[in-house]
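Before any comments, here is the structure.
The values are calculated or read from the model by the stated rules, or taken from the named source; none is laboratory data. What you see is a predicted model; the values in this text were computed from it and never measured. Positions of Cβ are backbone-derived with ideal geometry, glycine not excepted, and every protein chain shown enters the neighbour counts.
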Amino acid sequence: MNIGVIGIDLAKNSFQLHGVNDKRMAILKKRISRDKLECYMANMPPCTVVMESCGGANYWARVFSKSCHDVKLISPQFVKPFVKTNKNDANDAEAIVEAASRSSMNFVPVKRIDQQDIQSLHRIRSRLVKNRTALINEIRGLNLEYGIIIPVDAAKVKKHLCSIVADRQNELTPSSREFMQDLGSTVNRNLPSCSLSIEKNAPLL
């Protein structure tokens with residue numbers, strides 16, 4: 001088969017392939033399991049492989065590149081207009097090929113493994129910051145119920161909470177002092193180490 005472009009609809013366990021020749025005629029329509037995909041593509045003559053830039057796309061792009069395929073990723077939003085009315089895996093794979101044929105198409109760069117690391121760290125840090133903000137808001141809200149005001153400054157919340165727990169003149173009970181202390185100990189948990197990892201890996205980019 002003289003395949004010029006293969007569109008692959010990614011999934012967890014099975015993948016739909018749609019291949020066309022240089023005249024854009026469909027000459028391959030195949031569903032293949034995850035454990036056989038790498039070997040199948042490795043035995044195929046080098047061609048252009050196109051996928052949506054969704055979960056797992058960068059991994060498969062690196063895998064296919066090792067077999068000398070020219071791998072391109074497309075943002076899902078640019079593929080959607082080319083999907084036929086009856087949406088299914090086969091039509092999705094065909095739509096990917098159709099979208100890739102447009103000369104004006106903007107492709108998404110494939111991430112190297114080190115770039116994947118730094119992106120993962122940024123995602124983890126973003127989630128930690130979000131969780132910390134929610135925890136601080138909870139701490140401030142709980143203390144308000146005891147008539148205690150904590151400043152908005154996130155960097156000082158832990159310090160203020162330590163003083164509040166130690167202050168025997170406020171309304172905190174032994175039980176509330178215990179859980180306030182526990183909450184305070186988790187405010188910055190994991191965040192500094194994650195930020196340090198990002199700084200350490202930043203030069204790789």
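Before moving on, here are some points about what is shown:
- Scoring SER104 on the criteria (1) of a type in the set (Ser, Thr, Tyr); (2) out of contact with any helix residue (DSSP H, G or I) (no Cβ under 6 Å at 6 or more places or on another chain); (3) surrounded by 12 or more Cβ atoms within 10 Å (Cβ to Cβ) leaves a single failure, condition (3).
- Leading residue by the ranking (surrounded by the most Cβ atoms within 10 Å (Cβ to Cβ)) among those in segment 69-85 that are closer than 10 Å to ASN106 by Cβ and in contact with a Ser or Thr (Cβ under 9 Å, 6 or more places away or on another chain): ILE74
- Selection of segment 20-36 for residues being part of a strand (DSSP E or B) and without any contact (Cβ under 8 Å) to a residue 40 or more places away in the chain yields ILE27, LEU28, LYS30, ILE32, SER33.
- Within segment 125-163, being assigned to a helix (DSSP H, G or I), farther than 30 Å from ASN58 by Cα and among the aliphatic types (A, V, I, L, M) holds for ALA134, LEU135, ILE136, ILE139, LEU142, LEU144, ALA154, ALA155, VAL157, LEU161.
- If only residues of segment 164-178 that are in a helix (DSSP H, G or I) and among the hydroxyl-bearing types (Ser, Thr, Tyr) are counted, the one that is surrounded by the most Cβ atoms within 10 Å (Cβ to Cβ) is SER176.
- Listed by first and then second residue, the pairs linking a residue in segment 135-158 that is more than 15 Å from ASN188 (Cβ to Cβ) to a residue that is not in a helix (DSSP H, G or I), with Cβ atoms under 7 Å apart and 6 or more places separating them unless they lie on different chains, are ARG140/ILE150; ASN143/ILE150; TYR146/ASN170; TYR146/GLU171; TYR146/LEU172; GLY147/GLU171; ILE148/ASN170.
- So SER101, is it touching a residue at least 24 places away in the same chain (Cβ under 8 Å), of a type in the set (Ser, Thr, Tyr), in the same structural domain as LYS12 (by TED's automatic domain parsing) and closer than 30 Å to SER197 by Cα: no
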